[in-house]
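**Student:** Got a structure for you, written out below as structure tokens; questions coming shortly.
The values are calculated or read from the model by the stated rules, or taken from the named source; none is laboratory data. Because the structure is predicted, anything quoted here is derived from the model rather than measured. Virtual Cβ from ideal backbone geometry, glycine too; neighbours counted across all protein chains shown. Note: accessible area is taken over every heavy atom of the protein model, side chains too, but ligands, DNA and RNA are not part of it. Shrake-Rupley method; radii C 1.70, N 1.55, O 1.52, S 1.80 Å.
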Amino acid sequence: MEPNIVSINDFSKQDLFNILKIAKRMEKPHPNLLKGKTLATLFFEPSTRTRLSFIYAMESLGGKVLGFDDASTSSAEKGESLWDTAKIVEKYCDVMVIRHPTEGSARLAAEASSKPVINAGDGANQHPTQTLLDLYTIQKTKKTLNNLSVGLLGDLKYGRTVHSLVKALSHFNTTFYFIAPPALQMPQTYLDELKKKGIKFYTESNLQKVSKNLDVLYVTRIQKERFPDPVEYQKYKGYYKLDTNLLKHIKKNMKILHPLPRVDEMDRSLDNTSHAVYFEQAANGIPVRKALLALVLGKAK
Ligand code: CP
């Protein structure tokens with residue numbers, strides 16, 4: 001397996017199963033597994049779940065954490081390049097986790113660094129560790145990853161979580177329903193790749209037309225920060241507002257996932273239904289990120 005976790009494309013189906021298996025084992029405590037190791041967290045963009053669950057994961061395995069969560073307090077503010085930042089931080093840590101607004105930034109940092117780099121989101125490109133916890137959640141709640149009908153809803157153009165997830169689910173004979181306003185549909189390159197692989201997919205803007213077919217509905221927010229024009233964002237803000245009306249048009253066992261944060265696309269009235277698994281999904285970030293840290297540091301059992 002790759003020493004870095006930069007893109008979900010770098011992982012075979014077997015690699016994905018292996019990570020999920022290790023994550024399951026990480027549900028149990030391993031308090032000294034990464035004793036003496038240090039994680040650096042370089043967050044050039046805001047985060048709650050990813051950053052905190054990485055910190056929690058590292059500390060609960062006995063490791064230490066240093067880093068920043070606000071790029072304006074780092075020397076990037078003085079013009080230091082990401083390449084140089086990675087070259088310096090490698091001297092202070094054993095592994096680094098990077099979130100950055102530029103697509104390809106994690107790959108660049110991995111080229112600069114002699115220590116493993118984990119991509120915590122690079123612009124609108126990918127968020128591979130989110131995808132691994134999404135797979136873990138789907139497997140846990142649906143008891144399989146195979147042959148599912150999965151709806152991805154919201155901002156499919158700029159949403160990095162859906163980009164990584166489509167790539168990963170392509171290994172499992174998924175039927176995809178891409179539910180988005182036409183201007184925010186899944187980029188053509190992803191659709192072309194699915195076509196080439198013979199994987200079934202449908203594009204739609206009206207959730208109600210397809211909701212009865214779905215085993216999993218993966219909801220995402222409209223990614224305000226990625227719109228080059230704020231007027232464009234205003235057009236799509238509030239495009240979807242899911243509430244308990246959705247429940248009239250879905251399968252009994254359909255599960256709703258959301259990488260979070262949510263804005264206004266999903267009402268809290270759904271939270272206490274048997275369909276909502278998004279808080280459990282966020283909690284699954286801990287065993288999955290423990291597994292990833294152990295793996296890249298050569299300590300996975
Ligand atoms: N899902 C996710 O990446 O959340 P954060 O932005 O809070 O890390």
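**Student:** If r is the Cβ-Cβ distance from Asp267 to Tyr202 and R0 is 30 Å, what FRET efficiency results, to the nearest 0.05?
**Tutor:** It comes out at approximately 0.75.
**Student:** When the Cα centres of the stretch 216-230 and the stretch 142-209 are compared, how far apart do they sit, in Å?
**Tutor:** One Cα centre to the other: 15 Å.
**Student:** Only Lys, Arg, Asp and Glu count, each charged at its Cβ (+1, +1, -1, -1), so figure out the dipole size of the stretch 69-199 about its Cα centre, rounded to 20 debye.
**Tutor:** Roughly 660 debye for the stretch 69-199.
**Student:** Take the chain, connect every pair of alpha-carbon atoms lying under 10 Å apart with a spring to form a Gaussian network, then pick out the residue of Tyr56, Tyr190, Tyr278 with the largest mean-square fluctuation.
**Tutor:** Top of the fluctuation ranking is Tyr190.
**Student:** Further question: Highest mean first, how do 161-172, 116-127, 101-112, 239-250 rank when packing is the count of other Cβ atoms within 10 Å averaged over residues? Don't jump to the answer; show the numbers that get you there.
**Tutor:** Details: 161-172: 23.0, 116-127: 24.6, 101-112: 19.0, 239-250: 15.2.
Result, highest mean Cβ count within 10 Å first: 116-127, 161-172, 101-112, 239-250.
**Student:** If you don't mind, another one. Report the FRET efficiency, 1/(1 + (r/R0)^6), for Glu2 and Asn147, where r is their Cβ-Cβ distance and R0 is 35 Å, rounded to 0.05.
**Tutor:** 0.80
**Student:** In whole angstrom, how long is each semi-axis of the equivalent ellipsoid of the stretch 99-195, when you take the square root of 5 times every eigenvalue of its Cα gyration tensor and sort them from largest down?
**Tutor:** Calculated on Cα positions only, the semi-axes equal 24, 18, 11 Å.
**Student:** Per DSSP H run of n ≥ 4, the term is -39500 (n - 2.57); total these for the chain, divide by its residue number, and report the mean residue ellipticity at 222 nm rounded to 500 deg cm²/dmol.
**Tutor:** Numbers: 11 runs with 105 residues, N = 301.
Calculated at 222 nm, the ellipticity per residue is -10000 deg cm²/dmol.
**Student:** 7 Å from Cα along Cα→Cβ at both Lys224 and Lys212: what's the point-to-point distance in nm?
**Tutor:** Inter-label distance under the simple model: 3.7 nm.
**Student:** Give a residue-ordered list of calculated ³J(HN,Hα) values for the stretch 69-80 (Karplus: 6.51 cos²θ - 1.76 cosθ + 1.60, θ = phi - 60°; whole Hz; x for Gly, Pro).
**Tutor:** 10, 8, 4, 5, 9, 9, 6, 4, 4, 8, x, 5
**Student:** Turning to a different aspect of this structure: How much length is gained if the chain between Ala283 and Glu59 is pulled fully straight, taking 0.36 nm per residue apart and subtracting their Cα-Cα distance, in nm to one decimal?
**Tutor:** Using 0.36 nm per residue and subtracting the Cα-Cα distance, I get 79.1 nm.
**Student:** Only Lys, Arg, Asp and Glu count, each charged at its Cβ (+1, +1, -1, -1), so figure out the dipole size of the chain about its Cα centre, rounded to 20 debye.
**Tutor:** Here the size comes out at about 1260 debye.
**Student:** If you put +1 on each Lys and Arg Cβ and -1 on each Asp and Glu Cβ, how big is the dipole of the stretch 157-291 around its Cα centre, in Debye rounded to 20? Numbers along the way, then the final one.
**Tutor:** Working: 23 positive and 13 negative charges, 64 e Å.
About 300 debye.
**Student:** Suppose each label sits 7 Å from its Cα in the direction of the beta carbon; what would the Asn245-Trp83 distance come out to in nanometres?
**Tutor:** Simple spin-label model gives 5.3 nm for this pair.
**Student:** Shifting gears a bit: Accessible area per residue, 1.4 Å probe, Å², for the stretch 4-122: what's the number?
**Tutor:** Here the per-residue accessible area is 47 Å².
**Student:** Please list 3J(HN,Hα) in residue order for the stretch 248-258, calculated via the Karplus relation 6.51 cos²θ - 1.76 cosθ + 1.60 where θ = phi - 60°; whole Hz, with x for glycine and proline.
**Tutor:** Per residue, the Karplus-derived 3J(HN,Hα) values read 6, 10, 9, 5, 4, 9, 5, 10, 9, 10, 7 Hz.
**Student:** Separate question: With a point put 7 Å past each Cα toward its Cβ, work out how far Asp15 is from Thr102 in nm, to one decimal.
**Tutor:** With each label point 7 Å from Cα toward Cβ, the separation is 2.4 nm.
**Student:** Next question, about the same structure. Could you check which residue among Thr273, Thr174, Thr38 shows the biggest mean-square fluctuation in a GNM of the chain with a 10 Å Cα cutoff?
**Tutor:** Looking only at Thr273, Thr174, Thr38, the largest GNM fluctuation is found for Thr273.
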